Each structure stands twice: as structure tokens, then as C-alpha cells.
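Down below is the structure, laid out as C-alpha cells.
The values are calculated or read from the model by the stated rules, or taken from the named source; none is laboratory data. Since this is a predicted model, take the numbers as computed values, not measurements. We place every Cβ from the backbone using ideal geometry, glycine too, and count neighbours over all the protein chains shown. These accessible areas exclude ligands, DNA and RNA; they are computed on the full protein's heavy atoms, side chains included. Shrake-Rupley method; radii C 1.70, N 1.55, O 1.52, S 1.80 Å.
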Amino acid sequence: MKIFARNQTLPLRPEPFVFRLEWKPGAEWAGSALEEIIAEAHFIQLEAVQPLDEEVVDLLRKLDDRPEKFSLRLLSRAEDFGAETIKKFIGPLSRLKKLDAVIFVISSRSDEPAQAEVSSLLSAAASAGLKPGILVELEPGASVSGLEQLIKNLRLSGAMEIALRPTSAANPHPNFGKNLANCLSHLKSEGIPVSLGECFPGLEPGLSALEPNCRRAFGSCYLDSQGLVRACRQSREILGDLSRQKLAEIWPGYLFAEDLCSRAALTVQSLKLEENEAVEANGMAEVENLSPTSLDSSLRPVPLFILKDKKWGAALIKGLDGLVLSPKGEKLARMIDGKNTLRSIRKKFGPRSAGLIYALFLRGLVRLEK
Amino acid sequence: MTRYSLDLSFEDFKKSLSPDDLLTTVPGLYFSPRSGRVLIVEPESASWLVVPPKEFGYLVERGLLAPGSGARSSLRLADLEPGLDPDFKAELDRWLYRLFVGNMLAINGYAYHQPSRLWAVQKYPHYFNIHLTESCNLACRYCRVGDSPGRFALMPVETCKKVIRRVVEEIPGTKIIIGFHGGEPLLNPEAIVEGSKYAREVARSAGKEVTLSLQTNGVLLRKHSQLLKELNIEVGVSIDGPAAIHNRHRVFGSGRGSFDEVMDGIQAARQAGLNPGYLAVIHDPGDYLPVARFMVETLGATSFRLNFSCYEGRAKSKLDFDPTRAAAFARNWLQLLDFVLEHHRQTGVWLSIDDLNLFVAHLLTKDRPHMCYRSPCGAGNAILGFGADGKIYLCEELVGKDQFCLGDIETAPPLHRLLDESLVHARASESRRVENVAACAGCPWRRFHGAGCLNKSFEYFGDLEHRDPMCHFYRVVFEELMWKLADNPEIINLISYYKKYIRVQNEWPVGI
Ligand code: SF4
Ligand code: SF4
């Protein structure tokens, strides 16, 4: 384990930024670090590693009452902590306005009675207006047969989101990656919205069905209950210790996402490759043909965040999509404020700017409107 | 791609496609499978589709649809359909068209509906609801209105006339509705008579069209029906169903049920030539069907409204509001659809039950004719409420709640200016936009439902930042109605009442 120490302050608030916090009574981050978290978060996800109790509900209430705009997510193990115990908290949880989702973690090995309990929990939570989801933990060497049925049943019981993650970084079976990818593709082709919550270490990152939805190190970080900060739950690199440092000193943010997460590195690489194509493309003719937009259409910004980096200017990121820009491209992007038009931008940056706008447009990074 | 009109036809779509067009996935879609087919919902434009397994599977395999993933992918049209069997290709083109018109697929980065053009908010109200009194001769167990007559004063006739004059003269718009409410408005007949005559007079001189309506508990209808007929006032009666159900909650101060008096009042109204509308409040979800049957079989109604009870007034202490009650409401409410279909089979008549007919309409149009199912809701932009003391509120439901008071009819500046400048109004509208209600911002049903009632959020949760307390009800019924409509296009007939207020898409979203 390496300990990183960087004296950086948190840069621009990226959108959306997810803090994943491991919760148990007396969690180290619940002190002054919490203020820093609140100031920077779009999502705060609490994962209860002990049964839900009044204390966690109180913490959630406290967060819910904060004026800052962020959403909460709560993860709780359904089987280990007992569905009945969790049900008692559904009423109080349903009164929280910021609670975006309640996710029940269950094991891929869970037997029928356990599944039935989780199903009843899902429908109770949904009836109370909560958005319930499921996180299935795949045991090391788990077989993917049976997983499909489990997921279908849970979707039918009302799970609005379904994700998978490994229990540990243990060696998977050689065919596991391929089987898992097949299983996911199959479920998706039947319309079941299932995703990977995290990477599966050791599995081929190239299989597109195995793309995790974790926001990579660009958009999330993980704090365990002792206050140790890592890029994600799986990362072994400890970036700092909240009992000794401030979060702003520890979390290097997305500036170093490439160093911390191999998938983030892949994203940055592919974005950089596309930059050239984008600027070369003479896309203006095409943009102009996209009626009913016209040269007078204003370019509207969509929520996204800008990554700044000295080496290559900036990258615009929205969801898992993005584009790397040169410093000049960044200047252009900043003019996209709903007031400037295609015409005014072209006047200022020359005809080549069209290619860039076109690239932004195709990725949904800008909207064109009359 | 060339220029689109809002009613792009399949033929025009096909003509404008070229193999070089770039198809791009749109993130944020909701997917829900059922027996092989998949329902797709595009929340922002309130579009939906039910796609058969073969086509859905193909589009997922080619990466154009990606349930569970936030990533986008793009594909040239030429690469989507190489070497396909011509019949399947023709089918697929049709689905590409539906996906495009439903904003689920962008072509060359271009989405069919531009979000800023949908969901326009009305600027000034057209419906003015006047509390002629805050007192009532009944003490229904779920109501918020004071229970002894005389406990609150009646609205003075002069105040009533001033409200009417000011709304007619100061609020832009040519068609207005004035609703007499309360409390029980028939406790103040003088204001009804004077107010109605005056309303017609000022409307005439302002060149506006005015409709008068009145909502009553029916107890005093025997006494006043003739008068209401003469004044040409549309009458709505609140009746909760057969005696056993009605008398559970609609009671006098003594606790005695009011069913007999209300039925007698309805009879008198009919004798006077009035054709009252009916409204029932449902507290026990098992009552939906028996109440609907009562409306049709006993009252002979073909159009009526069934509302569920809300957490406010006496209901807070007298009735039970289990946080999970929405599920049972949804289940029972959906049976109304079979009831309506069966009624049509037997009689050839389509019943119009609100909000069933309205919700079906929401599946077929981007118009939102009812002020309570928009974002922000109609409070202050479609409706204003006036208390018996002349205070002005954002909505009838908010009368008497200081947080939502805009001022006083005696001292308020011109009403259009009051609305333009009121911080209370601006704050309430801002908070009730779906994008600002955290729970609703990512909800697949947000543009079908619209974040729910401001007042209900306030009463149940204590602020305006929460979703509707019956959220789950809406989530379930919108999805179920989509599936039912996909299986039974006949259901489209339910929108008949709303037809004149809405523009229906030129292609049904179900691919029928
Ligand atoms: S109240 Fe519920 S159903 Fe309605 S928009 Fe909000 S989250 Fe969706
Ligand atoms: S406050 Fe409620 S009743 Fe009033 S307009 Fe809004 S949704 Fe309708």
C-alpha cells in the first residue's frame, strides 16, 4: 500500500461528484470532514456496514436538512441485517427529500427465502415512494448461471436500478469475464437495466458490457469508516487519513484521475485521440443543415464539468462522455453560454471552430436552439 | 437530415434519412421489460414506446439502446442495417422513426423535440376560486375547514364584488372561471347572487367570457337549487358514494352521516334542471369500484371525479396515513379502467373518470390541460384562491396558509403586477419545478406527473421540496396505463373529454 500525499486543494466542483462513505457508528469522516464533503458533493452515498439504526437515520436527516444541493444514497446489506429491521426505517427514510435511492446489497449466493425477503423489502420501499435498487455482490468464482434469474426476479419486485460488484479482488475463473459479459448483454437485450457498479479486477476492460458505472476517479472517491481516503472501494492506494489531514489536502481530484484508475486513464487517452478528428472535421456545413437550427441559434450549455490540465487545456465531461480541448478550444467552450450564436463564435474563432462545435454537438455537450 | 415540422410523418422521415446520418443514443432512458417486450420512456419529452423483442434485441446488440448504462454510442445508419432482410429492415426503419420522434435517438446530434419548447408555463391565472365563507355545515373527517357554522364570518358581498372586479379587469386573458367555494358556499347565498350578477356585468363591459361554478356538499341544495339554475351557475356536488361509504367520513358536527340530505339535495338540483358534476373523496382504496358503480348506477353520472384523501386538516389526527398506502391505491384505481371498458361494452358509452381520462391523455400529448399535473403546478399561474377575509393566495388549497398569501384584495397593487413581483409566487414556482425537486429530477414520470401538488408536499412533509406523498401511485399508474394502451388501443377513447384541449401526436407511441 502506498500513501500519497499531495498538497492540492479541491478544484472546480465536477458534475456529478460522488462521495462514497462507509458508515458505522462513530465513522471518522462524520466530523469536520463532513463539511468539506457537503461543500463538494453532488451525491453522498452512505454504505452501512452495520445494521441500520437511529444513528444513521439521524445523520441522514441532518444531511437532508442542509441547504446545499446534493443527493443522498443509502446502501444496506439486506440479508445480513434482516429485511424486517430495515423495514422499520422505511417510514422515516421516505420523508427525506434528498434521498435519491436506497440500495439493498445482496449476495449472488442468496437462497430463495432470502430473495423473497429482499423482494418484499423492495416493494415496501417502492410503495413508500423511495427509489429502491439492488447491488448484487458476486462471490469469488461465482457462476453466472442463476444470476440472470435472480436479477430478473429482483427487477420484477421493483428494483429500479440493478448493479453488480465483486466481493473481493479474488481471482475469477478464466471464463468468468466472458460469461459475465454474455449474461449482462443478454439481460440488457431483454430490457433489464443492469450495470457494473465497480470494475471486476482481472477482467478484460475491453468488453463493453463490462464498463462500470462508477464514475471512475474523475467523479468519485471512497472514504472508509476509519477516515482513510481512496479513489474507490477497490483501490489499495491510500491517499490520506482524515484523522490527520483535511480532505482538501488529501483528495487530488480528477487532475490525477489517470494515475489512480486505469479506466480513467483509458478515457483520457481516447478523448485525446478524438480531439484531432474533431477539430479537423469540417462540420459546419453539417451543423448548418441541422434544421431548425440556424446560424442564429444560440448555443446552450448543458450541465457538465470542465477538467483543467496544463498539458492539454481542458476536457468537457458529461456522464461518461467527453471531449478534450486545446486551450483555444476551452476558450471557445466558455463562450457557450446561451447568448452567443454559431455566427458570433465563428466570427471570433474562424471557420475551423465549426468542427469543434460539431463534435460537442454530437456528444450532447451543447444544445442548439433557435 | 432536412427541416422537420412538429408532426413529422414516417414518409418524410424516411425521405430525409441518408446512409451517412449518425444515430446517437440518448442517455437517461427508462427501460421496463414485460413478457418479452420492452417499455422505453424518455422522461424529458414525456415520450414512450413499447418495442417488440426482436427489434429491441437488435438495437441493443448494435449498441443503440443500452439499458443500465450512462454511456452514449453512435452509429452511421449505413452500419446499422447492412445485409438485413428487407422486411425486417422496413420494420426497423419504422422503429427508428418512433425512437426519433420520441427523442430516444438523436440523428446527427439533433433531437426531435427541443426541451425549451415543451412545457411552457401559463403566465396568468384564468381560474379564480373564492371562499364565500370559511365555515361549513358539515364536519367531514378528512377536511381542513372549520366545523361550526358562524365560527368564521362570511365574505362580505362588497369584498366578493371587489375580488371579481379586480380579477376581471386586472388579469390579462379573455376567458375566466370564477368558482364559489368555501367552506360551504351556500351558507352565503347573498354573495352568490350579487357576485354572479356583478361578474357577468363586469365581464361584459371588459369584453371577457366568464363561467361561474360552485362546489357544494349538497346539504343546502334543496333550498338553493332554483336560484343556482337562474344564475346559470355550474354546480359540483361532493358525495363519497353509497351511504355506507359516504357516512363514514362526510358527517355533521354531531357525527351523523349526511348521505340522506345530500341525496335529497341532488334530487332537488335535478328537479330544478341543474346537471351537477360529482366528486368523491376516497380514503379506503377498496372503495374505488363501489363508488364508481354508485356514481354510474345510482346517480346516472357518466363523468365524475375521484380524489384521494390528503394528509391535512382533521385527517391528520382522525385518519390513518400509512407511508406505503400508495400501492393499494394504485392497484384499486387501475381496476377503474376495466370498469370503464366493461361499461362501454355493455352500453356503448365511454365514462369519463378523472384523473383516469386525463392520465391517458398525458400519454398521447405534450399538452398538460390540468393545472395540478404540470411543472410547476398551476398555483399562481392558472389559479388564485381568495379567502373569505379577502386575502389572496396562490391556490384554493392554500387559502388560510400565511406562507402562501400574496396580499389583500383591499390593498394589493394591480393583480398582474402583484403576480409579476411577488416573491412568494416566484419561490413557490421555482421550488415546484421538477428539476428542482430532488426526488423528481431523475424520475421517468416527471413530465407525465409534474412533481405533484405543492400543497400536499407542504402538508405532508412540511416544505415544498418533496415529491408528492402519493408518488408511488403515479409511478405505477403511468407505467400500467402505457402497457394497457399498448395492448388495447381502444383506451384512447377515454380522452374524449380532453380532446378539445389537446393536440395529439400524429403517431401513437405504441406502434399499433
Ligand atoms: S412525485 Fe414521484 S412520480 Fe411524480 S415526478 Fe416526483 S418522483 Fe416522479
Ligand atoms: S397547489 Fe395543488 S391543488 Fe393547487 S394548483 Fe398546485 S397542484 Fe393543484
Across (1) more than 21 Å from A:PRO92 (Cα to Cα); (2) near ligand 1 (Cβ under 8 Å from one of its atoms); (3) modelled with pLDDT under 95, B:ALA439 clears everything bar (1)
Per the filter on region A:61-105, residues under 20 Å from the mean Cα position of the chain (by Cα) and more than 21 Å from A:TYR222 (Cβ to Cβ) are A:LYS69
Counting only strands (runs of 3 or more DSSP E) wholly inside region B:332-396, the ones holding at least 2 residues that are within 15 Å of ligand 2 (Cβ to nearest atom) are B:383-386, B:391-393
Exactly one of B:GLY390, B:GLY313 is of a type outside the set (A, V, I, L, M) and at pLDDT below 95, and that residue is B:GLY313
Those residues of region B:429-458 that are within 16 Å of ligand 2 (Cβ to nearest atom) and either touching a strand residue (DSSP E or B) at 6+ places or on another chain (Cβ under 6 Å) or charged (D, E, K, R) (or both) come to a total of 7
Among residues of region B:464-497 being in a loop (DSSP other than H, G, I, E, B) and open to solvent by 30 Å² or more (accessible area, probe 1.4 Å), the residue nearest to B:CYS372 (Cα to Cα) is B:PRO469
Any chance region A:156-167 includes a residue that's more than 22 Å from A:GLU211 (Cβ to Cβ) and either in contact with a Ser or Thr (Cβ under 7 Å, 6 or more places away or on another chain) or open to solvent by less than 10 Å² (accessible area, probe 1.4 Å) (or both)? yes
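Please pick out the residue among B:ALA90, B:ALA66, B:ALA71, B:ALA46 that is at the interface with chain A (Cβ under 8 Å from one of its Cβ atoms) and modelled with pLDDT of 80 or more. Lay out the reasoning, then the answer.
Values: B:ALA90 fails: at the interface with chain A (Cβ under 8 Å from one of its Cβ atoms); B:ALA71 fails: modelled with pLDDT of 80 or more; B:ALA46 fails: at the interface with chain A (Cβ under 8 Å from one of its Cβ atoms).
None of the others qualify; the one that does is B:ALA66.
Given the criteria in contact (Cβ under 8 Å) with a residue 24 or more places away in the chain, surrounded by 18 or more Cβ atoms within 10 Å (Cβ to Cβ) and assigned to a helix (DSSP H, G or I), does B:GLY195 qualify? Give the steps one after another, and end with the answer.
On the way: in contact (Cβ under 8 Å) with a residue 24 or more places away in the chain: yes; surrounded by 18 or more Cβ atoms within 10 Å (Cβ to Cβ): yes; assigned to a helix (DSSP H, G or I): yes.
Yes: the conditions hold for B:GLY195.
Do any helices (runs of 4 or more DSSP H) entirely within region A:28-140 hold 2 or more residues that are more than 28 Å from A:GLY227 (Cβ to Cβ) and of a type in the set (D, E, K, R), and if so, which? Talk me through it step by step, then tell me what you get.
Working: elements: A:33-40, A:54-64, A:78-81, A:83-87, A:90-93, A:112-127.
By residue number, A:83-87, A:112-127.
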Taking region B:443-462 and keeping residues touching a His at 6+ places or on another chain (Cβ under 8 Å) and open to solvent by 30 Å² or more (accessible area, probe 1.4 Å) leaves B:TYR460
